[in-house]
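Below is one structure, written out as structure tokens; comments come after it.
The values are calculated or read from the model by the stated rules, or taken from the named source; none is laboratory data. Keep in mind the model is a prediction, meaning the values are calculated, not measured. Cβ atoms come from the backbone with ideal geometry, glycine included; neighbour counts cover every protein chain shown. The accessibility values were calculated without ligands, DNA or RNA, using every heavy atom of the protein model including side chains. Shrake-Rupley method; radii C 1.70, N 1.55, O 1.52, S 1.80 Å.
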Amino acid sequence: MSFTAASDTGFLSRVKRTTQSINATRRPWSDFLDLSAFNLPLSLSDATTRITQNLTHFRSNYAVITLLALFLSLIYHPVSIIVFLLTLVAWFFLYFARDDPLTVLGFQVDDRVVIGALFAVTVTGLVLTHVWVNVLVSVVVGAVLVILHAWFRSTDDLVMEDQESPFGVLLDDLGGDSARGSYTGLQT
């Protein structure tokens, strides 16, 4: 494998775009932690709607919280932190930061195989460093924190675009070419 200045620049620009994309989806922490937006849901339906919308709206913030809980669980295991960082780098470069399919020895590798291999390496690293229980507990703690926040955080003040909504585009603006026709109001 040979590296040229052009391929390095292309790779660095892909990494930069990926980082900017991840950073763009993170919501301001002031919105995330706005205490005036916390209250009890009115019903189970309201709670599930809140959870769905908040998981979509604050997904990057929730990922940061879960990764922070994971990192804190490994703080007294320096070898595990190194393994965790190496697997994180492997996930980033082999899955998240590439636009083109992965090619090994001239063969194109399916994304499912890449995910399976990275998952196997991650689990093996956790088992071999004897911290899988710490990781399991920290992920459960992170998930509980995420669900509690999503449950109690009101969604009234959130501005969500159709592409971001967990329900997708609710109304079709294509001029009525859909199979069901267009909405024109009540017919009299």
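If the chain between D111 and F93 were fully stretched, how many nm would it gain, using 0.36 nm times the residue separation less the Cα-Cα distance?
5.2 nm
Where the accessible area of the range 57-154 is counted over protein heavy atoms with a 1.4 Å probe, how much of it, in %, is carbon and sulfur?
80 percent
Can you list residues whose amide H is under 5 Å from S154's amide H, if they're 5+ apart or on another chain and H is modeled 1.01 Å from N?
F38, N39
With every protein chain kept in place and ligands, DNA and RNA left out, what is the accessible area per residue of the range 57-154? Probe 1.4 Å, answer in Å².
That works out to 63 Å² for each residue.
Given H placed 1.01 Å from N in the peptide plane, which residues other than close sequence neighbours of V109 have an amide H under 5 Å from its amide H?
So V109 has HN proximity to L102, T103, V104.
Once the Cβ-Cβ distance between S13 and V104 is put in as r, and R0 is 41 Å, what FRET efficiency do you end up with, to the nearest 0.05?
0.95
Taking θ as phi - 60°, what are the ³J(HN,Hα) couplings along the range 67-80 by the Karplus curve (6.51, -1.76, 1.60), each to the nearest whole Hz, with x for Gly and Pro?
5, 5, 4, 5, 4, 5, 6, 9, 4, 8, 10, x, 5, 5
Tell me, in nm to one decimal, what length is gained between L40 and R59 on full extension, where the rule is 0.36 nm per residue of separation less the Cα-Cα distance?
4.7 nm
Using unit Cβ charges (K, R positive; D, E negative) and no other charged atoms, how large, in debye to the nearest 20, is the dipole of the range 57-154 about its Cα centre?
Rounded to the nearest 20 debye, it is 300 debye.
What is the extension gain from R27 to I81, computed as 0.36 nm multiplied by their sequence separation minus the C-alpha to C-alpha distance, in nm to one decimal?
Residue separation times 0.36 nm, minus the Cα-Cα distance, leaves 16.7 nm.
Mind listing P(r) for the range 57-154? All alpha-carbon pairs, 10 Å bins, whole percents.
Result, from short to long distances: 14, 37, 31, 15, 2, 0 percent.
Per residue of the range 93-101, in order, report the coupling 6.51 cos²θ - 1.76 cosθ + 1.60 (Karplus, θ = phi - 60°) as ³J(HN,Hα) in whole Hz, putting x for Gly and Pro.
Working through the residues one at a time gives 6, 8, 10, 7, 9, 10, 9, 8, x Hz.
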